[in-house]
1. Which angle between 0 and 90 degrees, to the nearest 10, do you get for helix B:184-195 versus the longest principal axis of chain B when only C-alpha atoms count?
2. Using Cα pairs under 8 angstrom and six or more residues apart, how large is the relative contact order of chain B, in percent?
3. What is the angle, in °, between the Cα long axis of helix B:312-331 and the longest principal axis of the Cα atoms in chain B? Nearest 10 is fine, range 0 to 90.
4. If you stretched the chain out fully between residue A:28 and residue A:276, how much longer would it get, using 0.36 nm times the residue separation minus the C-alpha to C-alpha distance?
5. How high is the relative contact order of the stretch C:162-310? Use alpha-carbon pairs under 8 Å, at least six apart in sequence, and give a whole percent.
6. So what are the radius of gyration and Dmax for the Cα set of the protein assembly as shown, in Å?
7. Which one of C:318, C:128, C:146 has the biggest mean-square fluctuation once chain C is modelled by GNM with Cα springs under 10 Å?
8. What does the convex hull of the Cα atoms come to per residue for chain C, in Å³?
């Protein structure tokens, strides 16, 4: 495997092989598989789960990692092409990224959405400008529009718990949050659930439709897998018979990149907090999922998070095993 | 070993086995003992020795570690139960701590005293609220009222140098410091020296008595070990025949949690700086101990720290070996 | 090898042995050579390449490292001898450095120039005051006046590309930069190129002469190796026939330590930006070198950095292999 940017780059059987490998590494450790191998971790925005789970993944496979964040560099890194660097920044990403990559066997890059233009973010412009500077295998540790490590972990978590693929109902529900958040997780999640063969409902208020490009990509995955994708603002229709309620807040498409307008627009939507009533018409075994971090009492009620439906800790834990599988495929015998 | 919270949780022979193991790992490295094993290091307050010594300990045993401090998380971590998280904090410790633990085979937690209430701190409320969120083996890397890694290292240091257990005289002396410091080290130290079978004198100005709960715990340990514990403000009585003078500053009990009042109260006590005269009536081989960091010329004179009596670097170095023994017992064959 | 402070401490055949070992470790990994070994990395100023390349080097050899920077310590570290520490600093380097070293098998120290006095910086006062506190093998990760890891990497890079030693022409050229920078890299570079047996020209504007002590040390190396060293402000004479143009900005000697005066003095020198015309009379295969970070459009034109002459990424990559060779010689069988 050369890169891990997007689940859509893989065939279903390749994903199944990764999931099987993740499960095998969970039950049968390979503490020498990556002896002497190095993973570079480049964070352009803060992180807790990703930082910890990748470092732990490399250690469990016998290798190591180093962490670079721009605040380690004096006055940050310059990203604009062709600029005369007579200001504060002392280094350009055109040197920094290839140098960091030159010390490593693979590199993970976290590059958040710039949220200035929906079109630019939908093409993952910032992430792609980084990854093109590296020749080693690259891992998307969350970009403007994708989060394949989270999606692979979520897929494994549902498999571990026997949530049906074909015929399973997956509800991705928008939830309230005081701030406009990126589209990375909802975009990756709707595609993952569709690719897994599930019947996916995206439940959101008017004005929070997922962009067409995201819905079309998910629909294409559903067509291949035998799943389906619909979008609705009708709670009852969406939640009836659900096997999974996956909560996540995201920016409004309408006011994308305009934070004050978005925050004004979402005012009054604070009843979009997942609580017991959401599960009334759901499947008896319906589970609650969230990628974390999550705001208690805002996105979801304490009693859901602390109750038996919640599988958020398992999702987070599976980040490590999913990433171990990716690293193993990339780096063993490399 | 499931947890390492407090030396008082162990029998004397268990401590002896740990010390023996620490000595063996010092002389006979085991660089593959913990291959593929991961230690999570969670710091709720800054650290230098603890950070470095735990990372080095895991490397020497062939495993690895990762470090989490709350400033890595956007706007910090929420700790209050039942709160509606519509403010700055984006994550609650009820998710963050179990997630961090889910990547690791053991977790070290540093949780300083809140110093709002002596009663709360004496029960190690903050540390306990953290550790209860983890199911893996847990290590106390300093809490409001304990510091078992320091104590095990100090015990080993005295053993290494032949300081007598039974019949040895251990003086824990308060020292001046411009600020009110926690009770963790004095509480752990008086108990450790008593458990080691020594005759312990706590020397401190009036108003800096150690809380009853701390003294009673030490007295109970002394009763088992054949040692003794007294508290005094009489320098001559305390220091006569001492094998060890262990200096440490701490908050006044009287003004606990009230920093301005404490700082006012300690004014004029700046002659509590350990210097040559303190050793005049001590045992010829009397050693100077301190857990570090130490303020030169304030807590202790340069000539003591730089002279042959000082064993502060050995104490710090033994942190690593003591912790290697704890990790080895926790994680080998786990 | 006990220490790696300065290439001048080694004979030519010792450097050749290090370079050969670096090349061997590049082509034939030894992922278990340093199992259980620990490198301490002490940074008194920020770093990206050094931080990443040393961590990667230890991982590739099967060992590990930990990083300490003074901002990890509450209120920083005190460095002044004999001071009464009743201010902000809670720890003195006289404890901090030996403690850090006590956890490690070797220590790397980065200590920048104080730039208060040229005389003090020329004796590497700050670096030496740190290293004298450690008894384990020590590596200079850049000091006021030296950067031996960079120089060894640069030497290897020229060897890798077949740049001639004897008879090769090496131009170390001053370049414009808005701020006064240290002398470490130019001092190390002129000495390295001379020791390698090359004919070295130091090209710089009037007032930016390298201090006598630096030039004399380089001249002594040239005498041994059969190379030569001259200093000039004549572009044509310097650049004619050059095999290497190595750009670097540095402080004026005249206004050393006086930042406003230096910045005033360098105004108008912004045409010292390496660009195509600099290569007109150079050797056809003339390469561009720089230690990084580099300001694009200020020190060097984009078309040079992005063109085939630039070998800056190879230099940075060779930091890792050069350092692996040093660590291997220091720590295998230690």
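1. Value to nearest ten degrees: 70.
2. Working: 652 pairs, mean separation 67.1, N = 334.
Reported as a whole number, the value is 20 percent.
3. Rounded to the nearest ten degrees, it is 40.
4. Values: separation 248, 0.36 × 248 = 89.28 nm, distance 3.81 nm.
Here the segment from residue A:28 to residue A:276 would lengthen by 85.5 nm.
5. Relative contact order comes out at 29 percent.
6. 30.6, 89
7. Fluctuation is largest for C:128.
8. Numbers: hull volume 43.7 nm³, N = 334.
For chain C, the hull spanned by Cα atoms encloses 131 Å³ per residue.
Here, each number is a calculation from the coordinates, and none is a lab measurement. Everything numeric here is computed off the predicted structure, so don't read it as measured data. We place every Cβ from the backbone using ideal geometry, glycine too, and count neighbours over all the protein chains shown.
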